[in-house]
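What follows is a set of notes on a single structure, which appears directly below.
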There are 2 protein chains.
Amino acid sequence: MDPSTRALERSGHRVTDARRTIASLVDARVGHFTAADLIADARARRQSIGRATIFRSLDLFTDLRVVERVDLPTGEHAYVPCEPMRQHHHHIVCSGCGRTTDVADCGITAVTEEASRRTGYRIDNHRLELFGLCPPCQARVPSDPRL
Amino acid sequence: MDPSTRALERSGHRVTDARRTIASLVDARVGHFTAADLIADARARRQSIGRATIFRSLDLFTDLRVVERVDLPTGEHAYVPCEPMRQHHHHIVCSGCGRTTDVADCGITAVTEEASRRTGYRIDNHRLELFGLCPPCQARVPSDPRL
DNA sequence: GTTTTTGCAAACCATTTGCAGGGTC
DNA sequence: GACCCTGCAAATGGTTTGCAAAAAC
């Protein structure tokens, strides 16, 4: 059974056709995607799922940590598939192909502690998103910043 | 002359009533605010400014680095007033009062380098946002996580 | 059988655009 | 006077909601 379905069951949510379909659309995706992308995917597959259901399921999957929401530099709201196991991590988003890679804590704790020391804030939460080019995209276009 | 106006002049943009008004609305704000907030503020002051002008001016002020856009954990798009001088910095947003404080590089460069080493990505850009409680808000509510 | 979920359509909200008139340099 | 900027209203795009029917447990 796939992780999304298992997450649904464990959390007491119902396993429905729509949710199964959406989970498989998410699995088929490479890199980040938007709700609109999934809506288009569903239509392309001729699997009719209401727009509202897509949004509702993405919310649910976000709660279950099957996906995570990221805000792209453009302000667009996107989602990335996400290992539910991993506790705390960040995403590197490739601006070439959109693929994302998770990275665990790389010393960010030291940064938040330093910031806290400097400002007196009690820091409860942070968001770190990294943007760049993944190795294949670097190889493909060594010098061209677009794609 | 206030910094926003100076920024307009230096950049060759016209200094208009609408822009002056919006600059003063921004100055009057404490903490982060949305475009909708400014629209409401303008209406409250009975200074009629078209919605479109607010959006256009906020875009312009963002380019001029008079304000900066942040994405709140809720996904809301907000703006924070911002020292145009400071080159690279991040924001700490208080979840109590919304106030924000700038912090310069606190070792984040080491983090991005480490992430790059681990993943092979060429990291071009990053976004770090910190959320927590500012000192006054900690004092006001030592134990209550809300406000 | 009860409760949750879906699909639809409409509502909603934030943001953008086209364009004619008005203001700034 | 030329060009930039504004306001308006309409278009747009993304997201949410109410509700009755359908599905899951």
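Readers should treat all values here as calculations from the given coordinates under stated rules, not as data from a laboratory. Everything quoted here is computed from the prediction, not taken from an experiment. Virtual Cβ from ideal backbone geometry, glycine too; neighbours counted across all protein chains shown.
Give, as a single signed number, the net charge of other residues whose beta carbon lies under 13 Å from the beta carbon of B:Thr5, with Lys and Arg counted +1 and Asp and Glu -1.
Values: positive: B:Arg6, B:Arg10, B:Arg14, B:Arg19, B:Arg20; negative: B:Asp2, B:Glu9, B:Asp17, B:Asp27.
Result for the neighbourhood of B:Thr5: +1.
For the pair B:Arg118 and B:Thr16, how long in nm is the line joining their label points, each one 7 Å along Cα→Cβ?
Distance between the two pseudo-spin positions: 4.8 nm.
Do the sum for chain A: with -39,500 (n - 2.57) for every DSSP H run of n ≥ 4, divided by all residues, what is the mean residue ellipticity at 222 nm, to the nearest 500 deg cm²/dmol?
Calculated at 222 nm, the ellipticity per residue is -12000 deg cm²/dmol.
Could you give the semi-axes, largest first, of the ellipsoid that matches the range B:1-84, computed as the square roots of 5 times the alpha carbon gyration tensor eigenvalues and rounded to whole Å?
Working: eigenvalues 71, 52, 23 Å².
That gives 19, 16, 11 Å for the three semi-axes.
To test your reading of the geometry: what angle, between 0 and 90 degrees and rounded to tens, separates the Cα axis of helix A:108-119 from the longest principal axis of chain A?
Taking Cα atoms only, the helix is inclined about 60 degrees.
Where both partners of a DSSP beta bridge lie in chain A, what percent of those bridges are antiparallel, to the nearest 5?
On the way: 11 of 15 bridges.
Roughly 75 percent of the DSSP beta bridges within chain A come out antiparallel.
Quick check: net charge around B:Ala78, other residues with Cβ under 10 Å of its Cβ, Lys/Arg +1 and Asp/Glu -1?
Here the charged neighbours net out to -3.
Taking R0 as 25 Å, what's the FRET efficiency between B:His88 and A:Asp27 from their Cβ-Cβ distance, rounded to 0.05?
0.10
Taking the Cα atoms of the range B:87-147, report the difference between the largest and smallest coordinate on each principal axis, in whole Å and largest first.
Taking the Cα atoms of the range B:87-147, the three principal extents are 45, 24, 14 Å.
Taking K and R as +1 and D and E as -1, what net charge do the other residues with C-beta under 15 Å from the C-beta of B:Asp37 add up to?
Summing Lys and Arg as +1 and Asp and Glu as -1 gives +3.
Show the residues, 5+ positions off or on another chain, whose built amide H is closer than 5 Å to the amide H of B:Gly31.
Close amide H contacts, sequence-distant or interchain: B:Thr100.
Hey, what do the phi angles of the range A:131-140 turn into as Karplus ³J(HN,Hα) couplings, whole Hz, using 6.51/-1.76/1.60 and θ = phi - 60°, x for Gly and Pro?
10, x, 10, 6, x, x, 5, 5, 5, 5
Evaluate the protein assembly as shown: find the radius of gyration of its Cα atoms, find its Kirkwood radius, and give the ratio Rg to Rh.
Answer for the protein assembly as shown: 1.00.
Apply the Karplus curve 6.51 cos²θ - 1.76 cosθ + 1.60, θ = phi - 60°, to the phi angles in the range B:29-42 and return the couplings in whole Hz, x for Gly and Pro.
Listing the rounded values in order: 7, 10, x, 7, 8, 10, 4, 4, 4, 5, 4, 5, 4, 4 Hz.
List the residues whose amide H sits under 5 Å from the amide H of B:Val67, counting only those 5 or more places along or on another chain, with H placed 1.01 Å from N in the peptide plane.
Amide H neighbours of B:Val67, under 5 Å, 5+ apart: B:Thr62.
From the gyration tensor of the Cα coordinates in chain B, what semi-axes in whole Å does the equivalent ellipsoid have, largest first, with each one equal to sqrt(5λ)?
29, 22, 13
Which loop chymotrypsin sites (Phe, Trp or Tyr not before Pro) in the range A:1-91, with loop taken from DSSP, have no more than 14 other Cβ atoms within 10 angstrom of their Cβ?
Passing sites in the range A:1-91 do not exist.
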